[in-house]
Amino acid sequence: MSPKHICDESFGSDITETDFVSGCCMFIPRSTLIEFGGFCEEYVAYSEDNEWSWRVRHAGGKLIYVPQAMLWHRVSSSMKKNTSQKGDAGTSSRAYYLMIRNNLWTIRLHASPGGKKMLALLILVGITIKIVAICAWSGFPAKIPLVVRGLVHGLVNQLPRHYSFG
């Protein structure tokens with residue numbers, strides 16, 4: 001099976017600065033890791049690339065999109081590990097927990113104070129309520145406690161500050 005070549009033409013063919021780089025396709029020079037740190041270890045999975053991108057940009061670093069770069073990415077390991085198996089459907093409770101908590105942490109850590117930060121937090125609370133409703137209506141109420149725990153931990157737990165280097 002040969003890899004499928006996907007070209008993201010929405011950015012054009014020029015190397016350009018961007019606000020976000022996905023963790024599955026980052027090439028990071030050692031000097032950048034020394035200057036800005038690596039992924040935050042407490043995130044475990046989901047949104048660690050988003051948090052890192054915010055941190056680098058807010059510290060004055062630049063993220064660059066290189067359309068000529070090629071990458072073959074077969075499957076998301078964390079999604080595969082955290083996706084429900086037989087007898088269940090869709091995303092697991094653990095994956096929901098980590099996604100919700102980590103996105104809330106990122107907003108709390110990096111979003112500018114004021115209206116935009118509050119709006120982003122409210123949107124994530126709304127998304128969490130929607131996930132709870134879907135779990136209830138789809139016959140998977142056992143997922144709800146961990147989904148709610150992700151919301152609570154994301155909103156009130158102490159924010160992580162430990163960044164790994166590598």
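Element breakdown for region 101-166 at a 1.4 angstrom probe: carbon and sulfur atoms account for 68% of the accessible area. Rolling a 1.4 Å probe over the protein heavy atoms leaves Met99 with an accessible area of roughly 50 Å². What is the calculated FRET efficiency for Val156 to Ile64, with r their C-beta to C-beta distance and R₀ = 45 Å, to the nearest 0.05? After rounding to 0.05, the efficiency reads 0.80. Within 14 Å, Cβ to Cβ, of Arg149, how many net charges do the neighbouring residues add up to if Lys/Arg are +1 and Asp/Glu are -1? Result for the local shell: +3. When Lys and Arg each count +1 and Asp and Glu each count -1, what net charge do the other residues less than 12 Å away from Val132, Cβ to Cβ, add up to? Spelling it out: positives minus negatives among the neighbours equals +3.
Largest to smallest in accessible area, the residues Lys143, Lys130 fall in the order Lys130, Lys143 (1.4 Å probe, all protein chains included).
The values are calculated or read from the model by the stated rules, or taken from the named source; none is laboratory data. In this text the structure is predicted, and so the values were computed from the model without any measurement. Quick reminder, even Gly has a Cβ in these numbers, built from the backbone with ideal geometry, and neighbours come from all protein chains shown. Surface areas here come from the heavy atoms of the whole protein model, side chains and all, with no ligands, DNA or RNA. Shrake-Rupley method; radii C 1.70, N 1.55, O 1.52, S 1.80 Å.
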